[in-house]
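Before any comments, here is the structure.
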Amino acid sequence: VELAGLKQALSTLEEAAAGELTSHEAMFAEPLTRWRRERGLPADPELASLRRYLWLVPFPPSLRHDAAPFGPTARRIQPLIFNESQTSPTPGWLEALPLGPMVHVSLGSFAQRPELLRIIVDGLAEEPYSVVLGTTTSAVADSIGTLPPNVIAVPFVPHSLLLPRCDAFITHAGAGGLITSIMTGLPMVFVPLFGDQPPNAICAAEAGTGIVLDPVALTA
């Protein structure tokens with residue numbers, strides 16, 4: 001009875017904005033079969049249990065990849081945006097930013113790619129706008145080195161506070177920043193790195209929200 005009740009409450013939340021990772025779900029078959037066997041459940045080689053009940057998709061149809069199915073249990077909901085962190089800076093530095101055009105640069109909290117951030121910073125140096133650079137950690141900030149006068153580095157930026165003040169966003173095409181920018185009407189430059197980021201970037205660019213740059217061939 002408890003298991004039946006749990007099944008009725010289960011839901012799947014789509015985390016990839018383009019949904020394209022569903023085409024790679026075969027990699028989950030073996031660990032899912034093992035997990036089910038340990039709990040006395042029958043095998044599920046077709047992975048039907050992943051979306052048997054409720055499948056929540058917090059992304060607009062225009063971002064859906066052609067290779068990503070949208071099944072009968074799927075329901076679209078309002079986008080979910082991450083904006084809080086224990087290490088968030090105080091809002092004071094936001095008010096201290098100079099007036100005029102502003103660009104935000106962030107490659108997410110997992111990439112740890114200071115060499116790419118350095119290339120982007122060099123490309124934006126001496127441009128007639130301020131640049132807010134998201135570094136995530138002090139180690140990444142130290143690896144980037146000395147910043148141009150128009151660049152300020154911060155560890156974390158609540159997107160809902162910063163992006164409405166910006167004129168462009170250079171991003172890895174993570175789902176959170178991507179959706180916030182679309183809701184804000186902010187043009188983007190995508191530098192996708194891994195996972196769902198490349199298909200997110202491609203679909204978002206095809207929808208007219210920005211352009212895609214190749215991180216491997218990126219130069220200042």
Determine whether the stretch 120-130 contains at least one residue that is assigned to a helix (DSSP H, G or I), in contact with a helix residue (DSSP H, G or I) (Cβ under 9 Å, 6 or more places away or on another chain) and of a type outside the set (A, V, I, L, M). no
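Give the stretch 13-53 a look and list any residue that's part of a loop (DSSP other than H, G, I, E, B), of a type outside the set (A, V, I, L, M, F, W, C), over 30 Å from Leu193 (Cβ atoms) and open to solvent by 30 Å² or more (accessible area, probe 1.4 Å), or say none. Reasoning before the result, please.
As a first pass, look at the stretch 13-53 and keep what is part of a loop (DSSP other than H, G, I, E, B): 14-19, 39-47, 52-53.
With of a type outside the set (A, V, I, L, M, F, W, C) added as a condition, the list becomes 14-15, 19, 39-40, 42, 44-46, 52-53.
Then drop every residue that is not over 30 Å from Leu193 (Cβ atoms), which leaves 39-40, 42, 44-46, 52-53.
Answer for the stretch 13-53, where residues must be part of a loop (DSSP other than H, G, I, E, B), of a type outside the set (A, V, I, L, M, F, W, C), over 30 Å from Leu193 (Cβ atoms) and open to solvent by 30 Å² or more (accessible area, probe 1.4 Å): Arg39, Gly40, Pro42, Pro45, Glu46, Arg52, Tyr53.
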Meets criteria (in contact (Cβ under 8 Å) with a residue 60 or more places away in the chain and either surrounded by fewer than 21 Cβ atoms within 10 Å (Cβ to Cβ) or part of a helix (DSSP H, G or I) (or both)) for Ile170: no
Report yes if some residue within the stretch 192-208 is open to solvent by 30 Å² or more (accessible area, probe 1.4 Å) and more than 28 Å from Met27 (Cβ to Cβ); otherwise report no. yes
Return yes or no: is Glu95 out of contact with any Lys or Arg (no Cβ under 9 Å at 6 or more places or on another chain), modelled with pLDDT under 85 and of a type in the set (Asp, Glu)? yes
Quick check: anything in the stretch 79-87 open to solvent by less than 50 Å² (accessible area, probe 1.4 Å), modelled with pLDDT under 80 and more than 22 Å from the chain's Cα centre (by Cα)? no
Would you mind telling me which numbered condition in (1) at pLDDT 90 or above; (2) open to solvent by 30 Å² or more (accessible area, probe 1.4 Å); (3) within 20 Å of the chain's Cα centre (by Cα); (4) not aromatic (Phe, Trp, Tyr) Val132 fails? (2)
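Yes/no matrix, rows are residues, columns are (1) small (Gly, Ala, Ser); (2) over 20 Å from Ala18 (Cβ atoms); (3) open to solvent by less than 20 Å² (accessible area, probe 1.4 Å):
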residue	(1), (2), (3)
Thr136	no, yes, no
Ala141	yes, yes, no
Leu147	no, yes, no
Asn150	no, yes, no
Val154	no, yes, yes
Pro158	no, yes, yes
Leu178	no, no, yes
Met188	no, no, yes
Close pairs from the stretch 129-157: first over 16 Å from Ala220 (Cβ atoms), partner of a type in the set (S, T, N, Q) and assigned to a strand (DSSP E or B), Cβ under 9 Å, at least 6 apart: Val132/Ser106; Gly134/Ser106; Thr135/Ser106; Thr136/Ser106; Ile152/Ser130; Val157/Ser106
Could you check the stretch 89-129 and list, in sequence order, the residues that are under 20 Å from the mean Cα position of the chain (by Cα), within 15 Å of Leu163 (Cα to Cα) and of a type in the set (Gly, Ala, Ser)? Ser106, Gly108
Across the stretch 142-165, the tally of residues that are in contact with a helix residue (DSSP H, G or I) (Cβ under 8 Å, 6 or more places away or on another chain) and not in a strand (DSSP E or B) stands at 14
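The values are calculated or read from the model by the stated rules, or taken from the named source; none is laboratory data. It should be emphasised that the depicted structure is a prediction, and the values quoted were computed from it without experimental measurement. Note that each Cβ is placed from the backbone with ideal geometry, even for glycine, and that neighbours are counted across all protein chains shown. Surface accessibility is based on the protein's heavy atoms, side chains included, excluding ligands, DNA and RNA. Shrake-Rupley method; radii C 1.70, N 1.55, O 1.52, S 1.80 Å.
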